[in-house]
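Just below is one structure, and these are the notes that go with it.
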Amino acid sequence: MSHAAVKVRADELLRLDHNERLFPAPELVPLLARVPATALTRYPDAEGLERRLARRWDVGADRVLVTGGADDAIDRICRRWLAGGREMVTVVPTFQMMPACARLAGGRVREIPALDDPAPLEPTLDRLGERTGLVTVISPHNPTGRVASAARMLEIAGRLPNGAMLLADLAYVEFADRDPTAALLERDNILVVRTLSKAWGLAGLRVGYVMGSRTAIAELRASGSPFPLSSPSVWLAERALELGDRVTADYVAAVRSERDRLYAALGKAGTAPFASEANFILASTERAAALERRFRRSGIAVRLFADRRNLVRITLPGDEGVFQRLLSVLAADSPAAASTINGRGVR
């Protein structure tokens with residue numbers, strides 16, 4: 001099945017602002033018609049999915065908890081390790097659910113302003129104390145796409161106070177050059193959060209998971225709903241994992257190729273793009289709002305940030321036709337082109 005069978009309508013806004021996979025893997029679309037009817041009537045059982053994920057990472061099934069997206073995992077972790085006003089150490093800007101879940105759990109957030117490093121060592125260590133419950137590292141980071149090395153995360157974990165955890169959010173790691181998961185799972189004070197929403201293209205199913213020590217996973221399992229996923233979501237996720245890299249390989253390769261090309265195009269358009277290992281690129285420009293409006297007029301949604309109006313984030317589509325539309329908008333918005341449109345710059 002080609003992408004043509006699942007492309008958006010010509011009048012539909014292309015959502016390149018949520019870091020989702022734009023089109024589903026062709027191998028997965030026919031599975032929708034094969035979901036067993038009993039999946040509609042029975043309470044879900046995710047044990048098989050957890051065993052499959054455990055085999056993928058060569059750990060025991062009791063070290064894996066399937067959650068309702070990565071958000072559910074983050075929420076459970078925050079409620080467990082930030083109760084009673086304990087502190088989360090995190091860089092900012094960051095994925096908005098991190099500080100939101102921390103505060104909902106009654107925790108305090110200790111911020112490290114950093115756009116260039118998702119795990120700055122000395123500022124992180126300076127903020128550790130007896131109230132520390134969590135240190136969060138997102139790699140590749142959202143919204144910058146920058147990565148933290150496994151060595152850096154392990155060093156921070158080795159300096160944590162007793163009872164504290166390092167939360168490693170690896171939602172975008174399939175797009176990165178290296179995957180630190182195996183190394184991180186060797187430490188009992190690290191929790192690794194992953195998802196099938198990004199590279200796997202299953203954001204609508206809300207399938208996330210967290211891996212860690214047996215003790216930590218048992219506590220997280222008891223801290224939330226016993227049925228975080230629907231039965232159709234469990235069944236489809238298992239089928240996707242059976243297909244394995246066939247679901248992700250072509251898409252990830254396309255994104256990585258587009259990433260290099262978009263980085264160059266953003267530079268030519270007069271912005272300052274961030275080197276990224278995710279499925280998006282963040283760029284800094286005083287024309288961010290004008291650029292977002294130009295994209296929207298062309299039928300493409302990109303991400304602006306209310307508190308950082310000079311930043312714009314663009315999801316890579318993994319589709320050549322859509323990518324050429326991106327390039328055409330940027331070419332029209334370049335400083336040279338802007339100066340000639342109607343005899344004035346576009347603002």
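The values are calculated or read from the model by the stated rules, or taken from the named source; none is laboratory data. It should be emphasised that the depicted structure is a prediction, and the values quoted were computed from it without experimental measurement. Note that we place each Cβ from the backbone using ideal geometry, even for glycine, and neighbour counts take in every protein chain shown. Side chains are part of the model used for accessible areas, which takes the heavy atoms of the whole protein and leaves out ligands, DNA and RNA. Shrake-Rupley method; radii C 1.70, N 1.55, O 1.52, S 1.80 Å.
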Exercise for the section: List the number of the failed condition for residue 217; all other conditions in (1) surrounded by fewer than 21 Cβ atoms within 10 Å (Cβ to Cβ); (2) closer than 16 Å to residue 65 by Cβ; (3) over 16 Å from the mean Cα position of the chain (by Cα) hold. Expected result: (1)
Exercise for the section: Please verify whether segment 283-290 includes one or more residues that are in contact with a Ser or Thr (Cβ under 8 Å, 6 or more places away or on another chain) and more than 16 Å from residue 329 (Cα to Cα). Expected result: yes
Fill in the blank from the handout: Only one of 233, 223 is surrounded by 21 or more Cβ atoms within 10 Å (Cβ to Cβ) and either among the polar types (S, T, N, Q) or without any contact (Cβ under 8 Å) to a residue 60 or more places away in the chain (or both), namely 233
Practice task
Go through segment 236-254 and give me each residue that's free of Cβ contacts under 8 Å to residues at least 24 places away in the same chain and either in contact with a strand residue (DSSP E or B) (Cβ under 7 Å, 6 or more places away or on another chain) or not acidic (Asp, Glu) (or both).
Solution key: 244, 249, 253
Practice task
Grab the helices (runs of 4 or more DSSP H) fully contained in segment 252-347, keeping just those with 1 or more residues being at pLDDT 95 or above and among the aliphatic types (A, V, I, L, M).
Solution key: 288-297, 320-333
Completion exercise
Among the residues of segment 103-146, the number that are in contact (Cβ under 8 Å) with a residue 40 or more places away in the chain, closer than 26 Å to residue 310 by Cβ and not charged (D, E, K, R) is 10
Problem - Subset of segment 260-279 [open to solvent by less than 50 Å² (accessible area, probe 1.4 Å), in contact (Cβ under 8 Å) with a residue 24 or more places away in the chain and within 21 Å of residue 332 (Cβ to Cβ)] - result: 262, 265, 266, 269, 270, 271
Exercise for the section: Quick one: in segment 105-116, of everything that is part of a loop (DSSP other than H, G, I, E, B) and open to solvent by less than 60 Å² (accessible area, probe 1.4 Å), which residue is nearest to residue 284 (Cα to Cα)? Expected result: 115
Completion exercise
Note on residue 96: of the conditions (1) surrounded by 14 or more Cβ atoms within 10 Å (Cβ to Cβ); (2) free of Cβ contacts under 8 Å to residues at least 12 places away in the same chain, unmet is (1)
Problem - Every residue from segment 182-202 that is surrounded by fewer than 17 Cβ atoms within 10 Å (Cβ to Cβ) and in contact (Cβ under 8 Å) with a residue 60 or more places away in the chain - result: 182
Handout entry: residue 84 vs. criteria open to solvent by 10 Å² or more (accessible area, probe 1.4 Å), at positive phi and out of contact with any Pro (no Cβ under 8 Å at 6 or more places or on another chain)
Key = yes
Exercise for the section: Evaluate the following for residue 133: is it surrounded by 24 or more Cβ atoms within 10 Å (Cβ to Cβ), at negative phi and in contact with an Asp or Glu (Cβ under 7 Å, 6 or more places away or on another chain)? Expected result: yes
Problem - Meets criteria (of a type in the set (Asp, Glu), open to solvent by less than 20 Å² (accessible area, probe 1.4 Å) and at pLDDT 95 or above) for residue 169 - result: yes
Handout entry: Selection status of residue 243, open to solvent by 10 Å² or more (accessible area, probe 1.4 Å), at pLDDT 95 or above and more than 25 Å from residue 143 (Cα to Cα)
Key = yes
Practice task
Kindly indicate which of 73, 102, 54, 25 is in a loop (DSSP other than H, G, I, E, B), in contact with a helix residue (DSSP H, G or I) (Cβ under 9 Å, 6 or more places away or on another chain) and open to solvent by less than 20 Å² (accessible area, probe 1.4 Å).
Solution key: 25
Completion exercise
Scanning segment 203-214 for residues that are over 21 Å from residue 62 (Cβ atoms) and touching a residue at least 40 places away in the same chain (Cβ under 8 Å) gives 203, 206
